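Every number in this text was worked out from the coordinates using simple rules, so none of it is lab data. This is a predicted model, so every value here is computed, not measured. Positions of Cβ are backbone-derived with ideal geometry, glycine not excepted, and every protein chain shown enters the neighbour counts.
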Amino acid sequence: MKLWILRHGQAHAMAASDSDRALTDDGRAEVTVMARQLAGQQLDVILSSPYTRARQTAAIVREQIGFPRAISTAAWLTPDDNPAQVMDYLAERTEASLLIVSHQPLASQLISLLVEGHRRGHYPMPTAGLACIEMDFVATGLGILHSLTSPVSAAG
């Protein structure tokens, strides 16, 4: 399985609630830059957090890469959710390539759990940061981190 993990783009600091924070213009731009990294990838699923900024991020990627299916959402992809729940979901999947759009600290904890076998590893995930992990099967510590990019490194 090839797993792509994308943190949402930059969002406004203020909203009625954290889940309602929308992308800024800069956030939309940085997600557009990162969507280019996914061009040509044969994604089977795009799974997003239900938070506004993550759904907007997923929608930009979907449009940029011409993904033909609907975006799915999962309530357990919010900032402070347990990455073990994501692992449980992934372990049941048969798709070859998935994109998860989520938040910090969940994104870096998931990377750490998949690659190192624990949640304490430090994987910087700035807004619109994108990681690619490959694994023969989903289990803690068995993933291989192939890339970890940011909009700054992707644009440069």
Report the local net charge at Tyr51: Lys and Arg +1, Asp and Glu -1, summed over other residues whose C-beta lies under 13 Å from its C-beta.
-> 0
With a point put 7 Å past each Cα toward its Cβ, work out how far Asp88 is from Ala16 in nm, to one decimal.
-> 3.1
Given the range 28-156 reduced to its alpha-carbon atoms as identical point scatterers, what log10 I(q)/I(0) does the Debye formula return at q = 0.11, 0.14, 0.16 Å⁻¹?
-> -0.34, -0.57, -0.76
Under 14 Å, Cβ to Cβ, from Thr149 - net charge with Lys/Arg +1 and Asp/Glu -1 = +1
Value of relative contact order over the chain, rounded to a whole percent, pairs C-alpha under 8 Å and six or more apart | 30
Loop GluC sites (Glu not before Pro), the range 44-100, which have at most 11 other Cβ atoms in a 10 Å radius of their Cβ (DSSP) = Glu92
Packing rank of 120-128, 99-107, 65-73, where each peptide gets the mean count of other beta carbons within 10 Å, highest leading = 99-107, 120-128, 65-73
Using Cα pairs closer than 8 Å and at least 6 residues apart in sequence, work out the relative contact order for the range 25-117, in percent.
-> 34
Whole Å is fine, so just give me how far the alpha carbon centre of the range 126-143 lies from that of the range 43-60.
-> 17
